Amino acid sequence: MNILKTTLMASVAFAAAAMTTTAQAEESGFLGGEVSANISMVNDYRFRGVSLSDKDFALQGGLDYAHESGFYVGGWASSLASSNAYGELEVDLYAGYAGEIEGISFDIGGLLYAFPTGDHSAQTDYFEAYASVGVDLGIASATVGLAYAFSNDGTGNEDNIYLYTDVEGAIPDTPVTVKAHLGYEDGAFGDKKLDWSLGASVSYSNLDFGISYVDTDQAGRNFDAAVIFSIGASF
C-alpha cells in the first residue's frame with residue numbers, strides 16, 4: 001500500500017475521531033480548553049515558497065488543543081515527495097503560548113519537524129523556535145514574525161532564520177478573505193531567499209477553498225512560481 005493511500009485512510013479515520021473528540025470537548029470544556037482538527041488537500045505543498053511535494057498533490061491534517069489560559073499544543077502532518085532522507089511524510093509537533101496585550105496579539109513557541117518514514121541514520125529532524133506579533137488595522141490585520149532553527153545534524157550543522165510579514169482582510173459584504181505574504185530566509189535552508197504569495201479564500205458549507213500565487217527569487221523546478229489550490233475543513 002503506497003504512503004499516500006495510507007495517509008489518506010489515516011486522515012479520514014483521524015478526521016472522524018477528531019470530530020467526535022471536538023464535540024465532546026465543546027460539551028465538557030476539555031481540561032479547560034478546546035480540541036480542534038483540520039484536514040486539507042493541495043495541488044502543491046509549498047513551504048516558504050518551496051515545493052516539498054515536487055509540484056504534486058499533498059494531503060494534510062492537524063489536531064490542536066488550546067487552553068483558555070493561552071497555552072496550546074498540536075500536531076500537523078503532510079505527505080511529501082518521496083526521498084531517501086526525508087521519506088514521504090512530514091510530522092510537525094508544536095507547543096506555545098498566545099495572547100493579547102493592549103490590542104497587540106502575540107504568539108511564542110517551539111516546533112519539531114520530524115520525518116518518520118525517512119532514513120533515520122540521516123538525522124533530518126530539527127527544532128525551531130518561533131515568535132510573532134499582530135495588530136488589527138480595522139480593514140485588515142497584519143502580523144510580523146520570525147522562526148529560528150538551531151544548528152544541529154538535522155540542519156547540516158548550520159542555523160537558519162526566517163522573517164516574515166502577513167496581511168489579510170475580508171472583502172466587505174462577501175465571504176472572501178484576501179491574504180498577502182512576504183518572507184526572507186537565510187541559513188541552512190535558504191541563501192538570502194525571498195518568497196511571497198498573494199491569495200484568497202472562501203468558506204462554503206463547512207468547507208474552506210483557497211487559491212494563491214506563490215513565488216521565490218530563486219531558480220529551480222521547486223522554486224518556480226505556481227498557483228496553489230486548496231480545499232479543507234475544520235472541526
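The values are calculated or read from the model by the stated rules, or taken from the named source; none is laboratory data. Quick caveat: nothing in here was measured; it's all calculated off a predicted structure. A quick note on method: Cβ atoms are made from the backbone with ideal geometry, for glycine too, and the neighbour counts reach across all protein chains shown.
Observations, loosely collected:
- Asp208 vs. criteria more than 21 Å from Met41 (Cα to Cα) and not polar (S, T, N, Q): no
- Taking the criterion of being among the β-branched types (Val, Ile, Thr) and touching a strand residue (DSSP E or B) at 6+ places or on another chain (Cβ under 6 Å), the residues of region 115-142 that qualify are Thr117, Val133, Val135, Ile139.
- Criterion violated by Arg46 - all others in (1) modelled with pLDDT of 95 or more; (2) farther than 20 Å from Tyr113 by Cα satisfied: (2)
- Among the candidates Ala37, Ala25, Ala85, Ala66, residue that is modelled with pLDDT of 95 or more and in contact with a helix residue (DSSP H, G or I) (Cβ under 9 Å, 6 or more places away or on another chain): Ala37
- Pairs with Cβ under 8 Å, 6+ apart, first in region 90-111 and modelled with pLDDT under 95, second in a strand (DSSP E or B): Gly103/Val135; Gly103/Asp136
- Any hit, region 143-165, residues being in contact with an Asp or Glu (Cβ under 8 Å, 6 or more places away or on another chain) and within 30 Å of Ser205 (Cβ to Cβ): yes
- Scan region 162-215 for residues that are small (Gly, Ala, Ser), more than 25 Å from Leu146 (Cα to Cα) and in contact (Cβ under 8 Å) with a residue 24 or more places away in the chain and the total you get is 1.
- When region 57-115 is filtered for residues that are surrounded by fewer than 16 Cβ atoms within 10 Å (Cβ to Cβ), of a type in the set (D, E, K, R) and either within 19 Å of the chain's Cα centre (by Cα) or in a loop (DSSP other than H, G, I, E, B) (or both), the ones remaining, listed by number, are Glu68, Asp92, Glu102.
- Whenever a residue of region 25-40 is surrounded by 12 or more Cβ atoms within 10 Å (Cβ to Cβ), its partners that are among the β-branched types (Val, Ile, Thr) and at pLDDT 95 or above, lying with C-beta atoms within less than 9 angstrom and at least six residues away or across chains, give the pairs Ala25/Val35; Glu26/Val35; Ser40/Ile231.
- Selection of region 70-79 for residues being touching a Gly at 6+ places or on another chain (Cβ under 7 Å) and closer than 18 Å to Asp56 by Cα yields only Ala77.
- Boolean, Lys193 is surrounded by 15 or more Cβ atoms within 10 Å (Cβ to Cβ) and closer than 27 Å to Ile231 by Cα: no
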